[in-house]
1. Before we move on, is residue 58 in contact with a helix residue (DSSP H, G or I) (Cβ under 9 Å, 6 or more places away or on another chain), open to solvent by 90 Å² or more (accessible area, probe 1.4 Å), assigned to a helix (DSSP H, G or I) and not charged (D, E, K, R)?
2. Is it true that some residue in segment 36-46 is touching a Gly at 6+ places or on another chain (Cβ under 9 Å), of a type outside the set (Phe, Trp, Tyr) and on the phi < 0 side of the Ramachandran plot?
3. Looking at (1) touching a Gly at 6+ places or on another chain (Cβ under 8 Å); (2) open to solvent by less than 70 Å² (accessible area, probe 1.4 Å), find the lone condition where residue 52 falls short.
4. Answer with yes or no whether residue 120 is closer than 30 Å to residue 45 by Cβ and in contact (Cβ under 8 Å) with a residue 12 or more places away in the chain.
5. Given the conditions (1) over 18 Å from residue 15 (Cα atoms); (2) open to solvent by less than 80 Å² (accessible area, probe 1.4 Å), and given that residue 65 satisfies all but one, which numbered condition is not satisfied?
6. Go through segment 98-111 and count every residue that is open to solvent by 60 Å² or more (accessible area, probe 1.4 Å) and either of a type in the set (Lys, Arg) or at pLDDT 95 or above (or both).
7. When you look at residue 73, is it crowded, with 16+ Cβ neighbours inside 10 Å, in a helix (DSSP H, G or I) and at pLDDT below 85, yes or no?
8. Can you pull out every residue in segment 21-49 that is open to solvent by less than 80 Å² (accessible area, probe 1.4 Å), at pLDDT 90 or above, closer than 21 Å to residue 127 by Cα and of a type in the set (A, V, I, L, M, F, W, C)?
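The values are calculated or read from the model by the stated rules, or taken from the named source; none is laboratory data. Quick caveat, the model's predicted, so the values are computed rather than measured. Positions of Cβ are generated from backbone atoms using ideal geometry, with glycine treated the same way; all protein chains shown enter the neighbour counts. Each accessible area value is taken on the protein alone, full model and side chains, heavy atoms only, with ligands, DNA and RNA left out. Shrake-Rupley method; radii C 1.70, N 1.55, O 1.52, S 1.80 Å.
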Amino acid sequence: MKRGGRRRAALGSLCAGLLICLGVLVTNSFWTVGRPDIFRLLSDACIVSAAIVGGVGILVFASNRGTFDMLAYGFLHIFDLFRPNARNPHYRDFYEYKQVKGERQRPVAHMLIVGTGFFLLSWIFSFIWQKCL
């Protein structure tokens, strides 16, 4: 991946995490709570972002390693039954499918790093909240 592509992917993951944080904060009406509870809400928002962004990163990492290949191949063949040109399959067998899929790996480091960062922020906000009580 190009250098600009890595930066763009990391920025996209960070923006997604921040939007999730903002959504959790707005849902919990953060402007109506007292000062110590702000840190609790920030901790909750960051842990939700960490779980979603980091969880997607873990799933993509597992998918890159071939965890879901047989399931994806089976669904591909099921959907081929409903296509009008079913006599022209994409892949002859699972081995060919696995070879083609192995060539296109998706990057996951940016999602794992952003998820870990949100997890650490959640831990810090939780620690501050405990000290404010």
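1. yes
2. Yes, some residue in segment 36-46 is touching a Gly at 6+ places or on another chain (Cβ under 9 Å), of a type outside the set (Phe, Trp, Tyr) and on the phi < 0 side of the Ramachandran plot.
3. Exception for residue 52: condition (2).
4. Numbers: closer than 30 Å to residue 45 by Cβ: yes; in contact (Cβ under 8 Å) with a residue 12 or more places away in the chain: no.
When the stated conditions are applied, residue 120 does not pass them.
5. (2)
6. Of the residues in segment 98-111, 3 are open to solvent by 60 Å² or more (accessible area, probe 1.4 Å) and either of a type in the set (Lys, Arg) or at pLDDT 95 or above (or both).
7. yes
8. Of everything in segment 21-49, those that are open to solvent by less than 80 Å² (accessible area, probe 1.4 Å), at pLDDT 90 or above, closer than 21 Å to residue 127 by Cα and of a type in the set (A, V, I, L, M, F, W, C) turn out to be 21, 24, 25, 38, 39, 41, 42, 45, 46, 47, 48.
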